[in-house]
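Notes follow once the structure below has been shown.
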Amino acid sequence: MKIISDLGIQIPQVYLPKKGTDLTKWAVIACDQFTSQPEYWNEVEKIVGDSPSTLNLTFPEVYLEKPDGEERIGKIQASMRKYMQEGVLQPHDGFVYVERSVAGKTRKGIVVCLDLEAYDYNKGSSSLIRATEGTIVDRLPPRMKIREGALLELPHILVLIDDPNCTVIEPLGVAKSELEKLYDFDLMLESGHLTGYAVNREFETQVVGALRGLADTSAPAPPAGFASPRPVPASPPDNPTRSHAGFRGPAGPPAWSARQPRGCPGRLRPGACAGGLRGCRYQEPQGCSASEPPNIGAESRLTSGPMSSGKGDATCWIM
């Protein structure tokens, strides 16, 4: 993964389900949704059956208080290894342009990885990437526990940018007919429709340049009513803050730092990947070694965004 340190992002390697996978069964809603409605998750289990699914790679919070937490985490990690060993997931390098439609509305975004060194969820933070509301710290331990020894990461993070002139995402929507379509399918349980496109090198350069334009301190101030885009304010809001914060842990330092070998270059740092239907694998720099590398990249449910239907939650798109 290529780190673009001045923007706090990475160009990811993401993992997509292989051709022939039933994507409607593969993609499930974010784990922190329907926490008081176990019947919803029972219905998801019936739909998925024995098919490959991110249901088997996540820990729905409706089950957090159940006594089988350790067993469930073990099964999640075993499923991750199984899917990788059996080739269920295939690597793809680069940004992914995403359109998710539900209830007559369409949300557009870009799948990226975020540099955790540029993120701080603490109140009053002025970091490049920061939270828009408080993080519920007592929800972090199970998320961190799953990450210990996990091969894949499945965050659901919606990241916001101030782009009043629509320079970052909208050009991809205009040019999507020129991009390779990676997936296009209906989501389960009335959660809408999802389409993803591979962002090629030309448009990748345009996206990075547009983000740098937002971060340019010499650029004119935005019109009244818009927050200053300098530095680029990427803020994972609402419940997704816990998904992102789970990488760092309640004390602040990244949860993976305890296993980071000394002297390793900055590119060892994992990013919190945005990702629908895919996962990023941790890539260790040459010359560095660590026992059980955390393989923190991303694999996300990407089933929905917080829209009017009340169905779903967003993955980490830049919006």
Subject >> GLU178/ASP93 FRET efficiency (R0 25 Å; Cβ-Cβ; nearest 0.05) >> reply: 0.85
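Average projected area of the Cα convex hull of the range 31-135, in nm²? Please report the intermediate quantities before stating the final value.
On the way: hull surface 40.0 nm².
For the range 31-135, the mean projected area of the Cα convex hull comes to 10.0 nm².
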**OP:** Taking the Cβ of each residue in VAL88, VAL14 as the centre, tally the other Cβ atoms inside 10 Å and list the residues starting with the fewest.
**Re:** VAL88, VAL14
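Among VAL44, VAL207, what is the fewest-to-most ranking by other Cβ atoms within 10 Å?
On the way: VAL44 19, VAL207 23.
Least crowded to most crowded, the residues run VAL44, VAL207.
As an exercise, use a Förster radius of 35 Å and the Cβ-Cβ distance of ASN165 and GLU70 to find the FRET efficiency, rounded to the nearest 0.05.
Working: r = 50 Å, r/R0 = 1.43.
For ASN165 and GLU70, the calculated efficiency is 0.10.
Among the listed pairs LYS25/LYS66; LYS19/LYS75; LYS25/LYS75; LYS66/LYS145; LYS108/LYS176, which are separated by more than 22 Å between their Cα atoms? Spell out each step's value before the answer.
On the way: LYS25/LYS66 25 Å; LYS19/LYS75 25 Å; LYS25/LYS75 18 Å; LYS66/LYS145 15 Å; LYS108/LYS176 12 Å.
From the list (LYS25/LYS66; LYS19/LYS75; LYS25/LYS75; LYS66/LYS145; LYS108/LYS176), the Cα-Cα distance tops 22 Å for LYS25/LYS66; LYS19/LYS75.
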**OP:** Place a +1 charge on the Cβ of each Lys and Arg in the range 43-157 and a -1 charge on the Cβ of each Asp and Glu, then give the dipole magnitude about the Cα centre in debye, rounded to the nearest 20.
**Re:** 300
Subject >> Highest to lowest packing among 53-64, 105-116, scored as the average C-beta count within 10 Å >> reply: 105-116, 53-64
Subject >> Cβ-Cβ FRET estimate between ALA103 and PHE185, R0 fixed at 22 Å, reported to 0.05 >> reply: 0.80
**OP:** Quick one: dipole size for the range 97-166, taken about the Cα centre, charges +1 on Lys/Arg Cβ and -1 on Asp/Glu Cβ, in debye to the nearest 20.
**Re:** 340
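So how do TRP41, TRP26 line up by other beta-carbon neighbours within 10 Å, fewest first? Can you show the working numbers first?
Numbers: TRP41 20, TRP26 25.
Fewest-to-most ranking of TRP41, TRP26: TRP41, TRP26.
In terms of the Cα gyration tensor, with a ≥ b ≥ c the square roots of its eigenvalues, is the range 84-180 rounded because a/c is under 1.5, prolate because a/b exceeds b/c, or oblate?
Working: a/c = 2.02, a/b = 1.19, b/c = 1.70.
The shape class here is oblate.
In terms of the Cα gyration tensor, with a ≥ b ≥ c the square roots of its eigenvalues, is the range 170-211 rounded because a/c is under 1.5, prolate because a/b exceeds b/c, or oblate? Mind dumping the intermediate values first?
Numbers: a/c = 3.06, a/b = 2.27, b/c = 1.35.
It comes out prolate by the Cα gyration axes.
Just so you know, all these numbers are worked out from the coordinates, no wet-lab data involved. This structure is a prediction, so every number in the text was calculated from the model and none was measured. Neighbour counts run over all protein chains shown; Cβ positions are idealised from the backbone, glycine included.
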